[in-house]
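Contents: one structure, followed by commentary.
A short reminder: the numbers here are calculations on the coordinates, not readings from a lab. Model, not experiment: these values are computed from the prediction. Cβ atoms come from the backbone with ideal geometry, glycine included; neighbour counts cover every protein chain shown.
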Amino acid sequence: MPSTDPPHPEERSESASRRTRDAGAAAWAGPLEGVRVIDLTRVLAGPFATQNLGDLGAEILKIEPPGSGDDTRRFPPFVDGEGHYFLSVNRNKKSLVVDLQDERGRDILRRLVAGADILVENYRPGVMDRLGLGYDALKEINPRLIYCAISGFGLSGPLRDKPSFDIVTQAMTGALSVNGERGQRPVKIGIPLGDMVGGIFGPIAILAALHERTATGKGRLIDISLFDGLIGMLGYFAQLGFLTGKDPAPMGSNHPNIVPYGSFPAADGSIIIAVLTEPFWAKLCEALERPDLAADPRFASPAGRREYRDEVEEAIAAVTRTRTVAEWQQRLTAFDVPNAPVLGVTAALAHPHTLARGMVVEADHATAGRVKLVGRPVKFPGAPQAPVAAPPALGQHTAAVLREELGYGDEEIAALRRDGVIDRGVSGDGSTGA
């Protein structure tokens, strides 16, 4: 069998270049082309992080447990048997089913780590160490490895071992407390930001460590806490707390300090108006045909409009009710006032700007056929990337990676499959078995 000794940097560079050439000379994966990521993540925070790295061109080898794989493969509703949740955060990846509870499975992971650049996992702290696959063990195999651990509360602190999901993170960080209508009970943010924040800060830290490695030649351990991430995104709400010593209250669509800024009634729905800076107040008054509002000394400053919030908002609402959303879009845009309709998800995905920006794409899935996916948020003008690859079927790439990357022979692969070390629970066509 192949050695687990880490390859020399030049050998790893040549290996990366070979993988790049094999992918097709005409297709540019992105600026992380040739970077290999071992993905030991599941559900949302971790998969979103590795998907973002895959969008940037990295090769993502997603290691899934035998049986059903990533839990979200079983979350309904389904697209021809594939869970919508899994499809949403696993594009541009390869799937390997490997049993890490078996020493032979752990050996497969160690061999993959020897030729990898990055490993991302989002198990509870301590799980990987108990398997003998924590950072201290893996850096002995590959000192250049960048190891990113994503967890609810981080690798240290009194809540280290507490389980966490999106709503727990939102509740514990104050983010949930400022979301909701004025005078009503706070509600969870609709977008699962408490989880997805890990997919934002994780790649930022990983890319910084990659840059550092070019100078030091060494990797490092990264500790990403969803709790820390959402605390870090409180922004001006945190400063309000520091300044006033009081909890900011829910404001609905409105801003706690800027008026007018929020949702106003139209004849057939709602229109968003956002007067963030002073020049827009005069423009709004013109668009509303209410010069008296602009001339009123009570409303002449942001502080005054905040003090007389109810009067300002009632005066604006009395006018906005007289026209439709479409009419207000046209008129406010003509007067250069920031505005927007409140779109549903399907309308947002079908919007001409969404389509023009390539934020809806189609890809061929191994079992579900042609599927629609969200496109890459990051663009590189003048350098078109290869098409987005659909999320993988469970275990779709196990045999190919073991054979082509680790040198396993067909008989070895067949024996591992027979013993349930790889691809257990996966049928011959790559779908999940019963």
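Computed values, structure above
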read-out: Listed residue pairs exceeding 28 Å between alpha carbons, taken from Lys162/Lys188; Lys94/Lys218; Lys162/Lys372; value: Lys162/Lys372
read-out: Footprinting exposure proxy for Cys285, Cys148 (fewest neighbouring C-beta atoms within 10 Å first); value: Cys285, Cys148
read-out: Segment Asp410-Arg298, length gained on full extension (0.36 nm per residue, minus Cα span); value: 32.3 nm
read-out: Listed peptides 343-356, 71-84 by packing density, highest first (mean Cβ within 10 Å); value: 71-84, 343-356
read-out: Compactness relative to 2.2 N^0.38 Å, alpha carbon Rg of the chain; value: 1.16
read-out: Debye intensity ratio in log₁₀ form over the Cα atoms of the stretch 31-127, taken at each q of 0.20, 0.21, 0.23, 0.24 Å⁻¹; value: -1.01, -1.09, -1.25, -1.32
read-out: Karplus-derived HN-Hα couplings along the stretch 268-283 (A = 6.51, B = -1.76, C = 1.60, θ = phi - 60°), whole Hz, x at Gly and Pro; value: 10, x, 9, 10, 8, 10, 10, 9, 6, 10, 4, x, 6, 5, 5, 5
read-out: Whole-number Å³ per residue for the convex hull built on Cα positions in the stretch 323-434; value: 168
read-out: Convex hull per residue volume in Å³, alpha carbons only, for the stretch 261-343; value: 78
read-out: Whole-number D in µm²/s for the stretch 275-323 (Stokes-Einstein; Kirkwood sum over Cα pairs; 37 °C, 0.692 mPa s); value: 302
read-out: MRE, 222 nm, helices only [DSSP H, n ≥ 4, -39500 (n - 2.57), over the chain, to nearest 500]; value: -11000 deg cm²/dmol
read-out: Listed peptides 123-131, 295-303, 390-398 by packing density, highest first (mean Cβ within 10 Å); value: 390-398, 123-131, 295-303
read-out: Cross-link partners of Lys139 among aspartates and glutamates (Cα-Cα below 14 Å; sequence separation of 8 or more within a chain); value: Asp5, Asp117, Asp129
read-out: Potential extension, Ala326-Arg370 segment - 0.36 nm per residue separation minus Cα distance; value: 12.4 nm
read-out: Cα-based helix-to-principal-axis angle, 45-55 vs the chain, degrees rounded to 10; value: 80
read-out: Distance (nanometres) between label positions extended 7 Å along Cα→Cβ at His353 and Met233; value: 2.1
read-out: Two-site FRET efficiency, Leu276 against Leu159, from Cβ-Cβ distance with R₀ of 41 Å, rounded to 0.05; value: 0.70
